[in-house]
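**Q** Could you have a look at this structure, given as structure tokens, before my questions?
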Amino acid sequence: MSQVEKIDDMFAEIIDDTGGIDILVNNAGGTRRGPAETLSMEDWNFIINLNMTAVFKLCQAFARERIKATKKGKIVNIASIM
């Protein structure tokens, strides 16, 4: 999930392999430990991409597929600091 530029292709492959899914559970997450004042932009971008951008892109891809299939679906987003 940390490679957000690959999410759309990954999701399309999953749909092709399964014929469609009706539940999306976002449960990936992570952090980088240390003082905020010394956190690098590389680490910041990793955290934001994994914890927010990936979730958003997966929700978008799932919603597009469900709308196209004219079927309902459920999205479960799980968050944790650990």
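**Q** Could you work out the helix-only [θ] at 222 nm for the chain, with each DSSP H run of four or more residues adding -39,500 (n - 2.57) and the total divided by the number of residues, to the nearest 500 deg cm²/dmol? Show your work: numbers first, answer last.
**A** On the way: 3 runs with 35 residues, N = 82.
Using -39500 (n - 2.57) per qualifying helix, the result is -13000 deg cm²/dmol.
**Q** Put a dot 7 Å past each Cα toward the Cβ at residue 25 and residue 12; how far apart are the dots in nm?
**A** In this crude label model, residue 12 to residue 25 measures out at 2.7 nm.
**Q** Skipping prolines and chain starts, which residues have an amide H placed within reach, meaning under 5 Å, of the one on residue 75, given they are 5 or more residues away or on another chain?
**A** 24
**Q** Here's another thing I want to ask about it. Spelling out what I want: for every residue of the stretch 12-24, take phi, set θ = phi - 60°, compute 6.51 cos²θ - 1.76 cosθ + 1.60 (Karplus), and round to whole Hz; glycine and proline get x.
**A** Once θ is set to phi - 60°, the couplings for the stretch 12-24 become 4, 5, 4, 5, 4, 6, 9, x, x, 10, 10, 9, 10 Hz.
**Q** Under a point-charge model restricted to the Cβ atoms of Lys and Arg (+1) and Asp and Glu (-1), what is the dipole moment magnitude of the stretch 31-70 relative to its Cα centre, in debye to the nearest 20? Let's see the in-between values first.
**A** Details: 6 positive and 4 negative charges, 68 e Å.
For this selection, approximately 320 debye.
**Q** Counting only protein heavy atoms, what percent of the accessible surface of the chain is carbon or sulfur at a 1.4 Å probe? Before the final figure, lay out the partial values.
**A** Details: 3480 of 6160 Å².
Using a 1.4 Å probe with all protein chains present, the chain comes out at 56 percent carbon and sulfur.
**Q** Shifting gears a bit: Under a point spin-label approximation (7 Å from Cα along Cα-to-Cβ), what is the residue 36-residue 64 distance to one decimal in nm?
**A** Here the modelled spin labels are 3.4 nm apart.
**Q** If the chain were replaced by its equivalent ellipsoid, with semi-axes equal to the square roots of 5 times the Cα gyration tensor eigenvalues, what would those be, largest first, whole Å? Don't jump to the answer; show the numbers that get you there.
**A** Working: eigenvalues 170, 32, 16 Å².
Each semi-axis is √(5λ); the values are 29, 13, 9 Å.
**Q** Quick one: accessible area per residue over the chain, 1.4 Å probe, rounded to a whole number of Å²?
**A** Value returned for the chain: 75 Å² of accessible area per residue.
The values are calculated or read from the model by the stated rules, or taken from the named source; none is laboratory data. Computed from a predicted model, the values in this text were never measured in an experiment. All Cβ positions, glycine included, derive from the backbone under ideal geometry; neighbour counts span all protein chains shown. Just the protein is used for accessible areas: all its heavy atoms, side chains included, with ligands, DNA and RNA removed. Shrake-Rupley method; radii C 1.70, N 1.55, O 1.52, S 1.80 Å.
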